[in-house]
Amino acid sequence: MTENIKRRWLVGLMVVSMLPLPFFVKMPTWSISSSVWLYVSAVAGYIGLVMLLWMYILGTKTVMGLYFRDLAPVLSIHKWLGKYGTLLIFLHPLAVAFSYGGEIVDYIIKPNLAMSFERSVTWGRFALYALGIVWLTSALVRGRIAFRPWKYIHYLAYLALPLALVHVPSIGSSYRALDAPRIYFISVLFLLVLFSILRLRHLFRLGRAKYSVTKHTEISPNVWLIALKPTGRILTPRRGQYVYLQWSLLGEEHPFSVLQTDSETGELTIAYKTRGLWTRKLTALRDGDELFLDGSYGEFMSDISLGNTKPTVFIAAGIGITPFVEQLLAASKSEQWLFYANQRPESATFHRQFRQRLGDRYVSIFSRVDTPASFCDERGHMRGDVIAKYLTSPADYHFYICGSEGFMHTAETSLQQLGIPSTQIHTEAFGW
Ligand SMILES: Cc1cc2nc3c(=O)[nH]c(=O)nc-3n(C[C@H](O)[C@H](O)[C@H](O)COP(=O)(O)OP(=O)(O)OC[C@H]3O[C@@H](n4cnc5c(N)ncnc54)[C@H](O)[C@@H]3O)c2cc1C
């Protein structure tokens, strides 16, 4: 089954899991507005619970990785649900406040632990605070927060689902009166436990392969090459796929495209650029040090791996070259071009090898070089006219783009302006 079809099944399953909920809860007396608001709150609340569960499942690599090879589109569904689905969850406390005719801010915001009923409502309030903060930082101001603080704030989402579940049994009127919502509730609880157990698999090293460092050198300013040899299970990434690197079983996991694979020894090579805390720490690894690897993921270049011989153009900026290196340096039956943008020649890793292998089909683009441009050596930034200058008929090619978010956007827009259909443009983002 293709990844696309799997994703359709996933979305279908999500819809089916939520559709019956409006019919499961206690029907309102339509002429009484407080009863209608109570119904709306119950429907929004139950759908909210199921959505929180889906977000938990979709955001869990150890679970989604069992079924999907390409995690980025699954994370996009998670993001979409988080951004828009959460709004429906916010409707739940609003509708409860309307149904009781209570003071909205007072009712929703003020914690009250005095009585047992109020305590249960307050667990829901705490879930709402957690979710509100996560939504604000992820949906509204994500671009203005650094990755790590955002990630730690995002962990608040793990509190929201259990707190929301805890507040239902003693106050949910449908839950107490009808069987269906109770069965649904117990199913959500069961799935939460099940997926949490699946998530803990990595503590027992399930799904992880141990590799040791055989070579680690700085190949250009702030770009390091690390070769890793399997000490047990061997991962067999295809071209363009990535693996997660991790120091200890409880440590952070970071994705990196595999630069080269040795099919005989199972040795993998990765090239990485130091960016933040983790990659800076990575530079301290010495020969013989061990890492855990999880993979292989990604569908970025699956067409090529499956033997597609259509003429291909690779467009990369800086370290975004890594998914393409093995493909570009290996013998290929198809016509291959590389447009490689960098500030200066010293940051263009593998520049010499590309020139040797591709000749005039390698177009280097430097933005901070004063010497005049020449054939196959452009100045400035990646633009559509640079592509059009070298490719007489761009629409005949498949394009693969990797680089920073801004670079990919510019490259993709330029290609669209040249009339390249979106089915011929493939992108890989180096962060989510
Ligand atoms: C599919 C994929 C392939 C990648 N391949 C390469 C590669 O071949 N070479 C390379 O140098 N870099 C690659 N990256 C980027 C690399 O993962 C980040 O540079 C690295 O994780 C930065 O961590 P840091 O703590 O040093 O920096 P930070 O300052 O913490 O992060 C810098 C940026 O990296 C991204 N990032 C950080 N941690 C993660 C994470 N755990 N998961 C996803 N994104 C994260 C975020 O966008 C963040 O804004 C790839 C990323 C992805 C998603």
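Could you look through region 327-347, keep only residues that are of a type in the set (S, T, N, Q) and under 22 Å from L415 (Cβ atoms), and pick out the one that is surrounded by the most Cβ atoms within 10 Å (Cβ to Cβ)?
Step by step, filter region 327-347, then rank; the result is N342.
Checking each residue in region 199-235 for being in a loop (DSSP other than H, G, I, E, B) and either within 24 Å of W432 (Cβ to Cβ) or not hydroxyl-bearing (S, T, Y) (or both) picks out R205, L206, G207, R208, P221, N222, G232, R233, I234, L235. Comparison of S170, S120, S138 shows that the only residue that is within 16 Å of the ligand (Cβ to nearest atom) and touching a residue at least 40 places away in the same chain (Cβ under 8 Å) is S138. Scan region 141-163 for residues that are in contact (Cβ under 8 Å) with a residue 12 or more places away in the chain and among the basic types (K, R) and the total you get is 1. Within this structure, G12 fails the test of being within 30 Å of A429 (Cβ to Cβ), crowded, with 19+ Cβ neighbours inside 10 Å, assigned by TED's automatic domain parsing to the domain that holds Y175 and at pLDDT 95 or above. On the basis of being within 30 Å of the chain's Cα centre (by Cα) and charged (D, E, K, R), does R142 make the cut? Answer is yes for this residue. Among the residues of region 258-273, those identified as hydroxyl-bearing (S, T, Y) and buried (at least 17 other Cβ atoms within 10 Å of the Cβ) are T261, T269, Y272.
Checking each residue in region 95-107 for being surrounded by 12 or more Cβ atoms within 10 Å (Cβ to Cβ) and touching a residue at least 40 places away in the same chain (Cβ under 8 Å) picks out A95, V96, F98, S99, Y100.
Of all residues in region 256-278, those being within 15 Å of I219 (Cα to Cα) and among the β-branched types (V, I, T) number 3.
In this structure, is L358 within 16 Å of the ligand (Cβ to nearest atom), assigned by TED's automatic domain parsing to the domain that holds P394, surrounded by fewer than 21 Cβ atoms within 10 Å (Cβ to Cβ) and over 27 Å from the mean Cα position of the chain (by Cα)? No: the conditions fail for L358.
For the structure I just gave you, tell me whether A177 is farther than 18 Å from I108 by Cα and buried (at least 16 other Cβ atoms within 10 Å of the Cβ). Spelling it out, it is not the case that A177 is farther than 18 Å from I108 by Cα and buried (at least 16 other Cβ atoms within 10 Å of the Cβ).
State all residues of region 264-281 that are free of Cβ contacts under 8 Å to residues at least 60 places away in the same chain and under 21 Å from I321 (Cα atoms); if no residue qualifies, say none.
Listed by number, the residues that qualify are E267, L268, T269, I270, Y272, K273, T274, R275, W278, T279, R280.
Scan region 112-136 for residues that are modelled with pLDDT under 85 and farther than 12 Å from H167 by Cβ and jot them down. Hits for region 112-136 are N112, L113, A114, M115. The listed residues are F324, F407, F350, F430, and the only one of them that is crowded, with 19+ Cβ neighbours inside 10 Å, at positive phi and within 16 Å of the ligand (Cβ to nearest atom) turns out to be F350.
The values are calculated or read from the model by the stated rules, or taken from the named source; none is laboratory data. The model shown is predicted, which means the values in this text are computed figures rather than measured ones. All Cβ positions, glycine included, derive from the backbone under ideal geometry; neighbour counts span all protein chains shown.
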